[in-house]
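The block underneath contains the structure these notes are about, expressed in structure tokens.
The values are calculated or read from the model by the stated rules, or taken from the named source; none is laboratory data. The shown structure was predicted, so the numbers you read here are calculated from the model rather than taken from an experiment. For neighbour counting, all protein chains shown are included, and Cβ atoms are generated from backbone atoms with ideal geometry for every residue, glycine included.
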Amino acid sequence: MKHIYPALLVLFAATPAIAQTEWENAIARGLETFTLRQGEGTVTLTCDPDRVFGSNVTNASLRVVFPKDPAPSRFVILASDGTQVSFTMTDGGANEVGVDALDWDKMVGILSAGGAFAFVTGQDALQFEDVTPLPDLKC
């Protein structure tokens, strides 16, 4: 999995980027959400560090809308330093409870660091640059 998309580094470097991207932060049903937008594409991270709906259940999720690829089976998050993590897409995203804990932590690390990263499928990519870091992200 480590080298699943090495050719995407070229795409990452060549795709136009949005500068100075700020996270939109909100509370939805008691859960904290963080959203990035690029055109019609969106990335929404929902965090549930306090297990709002029960101590044994997490409702943390990552939802991604790819305008050119509305129902991909997988997506990859690729950081500018070459770090990458791949998720199976289920109902528009990935739920913390259904993915490997190390992969979830790697994704949270990429997003909380800010900077430049991309969400990529076989047919579409959402690239973000100069994203504001979220150093206190608990997700």
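Screening the candidates Phe12, Phe75 for the property of being closer than 16 Å to Phe128 by Cβ, modelled with pLDDT under 95 and crowded, with 19+ Cβ neighbours inside 10 Å yields one hit, Phe12. If you scan region 41-69, which residues turn out to be of a type in the set (Gly, Ala, Ser) and either in contact (Cβ under 8 Å) with a residue 24 or more places away in the chain or not in a loop (DSSP other than H, G, I, E, B) (or both)? The answer is Gly41, Ala60, Ser61.
Take the conditions modelled with pLDDT under 50, out of contact with any helix residue (DSSP H, G or I) (no Cβ under 7 Å at 6 or more places or on another chain) and surrounded by 14 or more Cβ atoms within 10 Å (Cβ to Cβ) and apply them to Ala7. Does it pass? Considered against the rule, which asks whether it is modelled with pLDDT under 50, out of contact with any helix residue (DSSP H, G or I) (no Cβ under 7 Å at 6 or more places or on another chain) and surrounded by 14 or more Cβ atoms within 10 Å (Cβ to Cβ), Ala7 comes out as no.
Which residues, taken from region 51-61, are within 19 Å of Met107 (Cα to Cα) and out of contact with any Phe, Trp or Tyr (no Cβ under 7 Å at 6 or more places or on another chain)?
The initial filter retains those residues of region 51-61 that are within 19 Å of Met107 (Cα to Cα), namely 58-61.
Thr58, Ala60, Ser61, listed by residue number.
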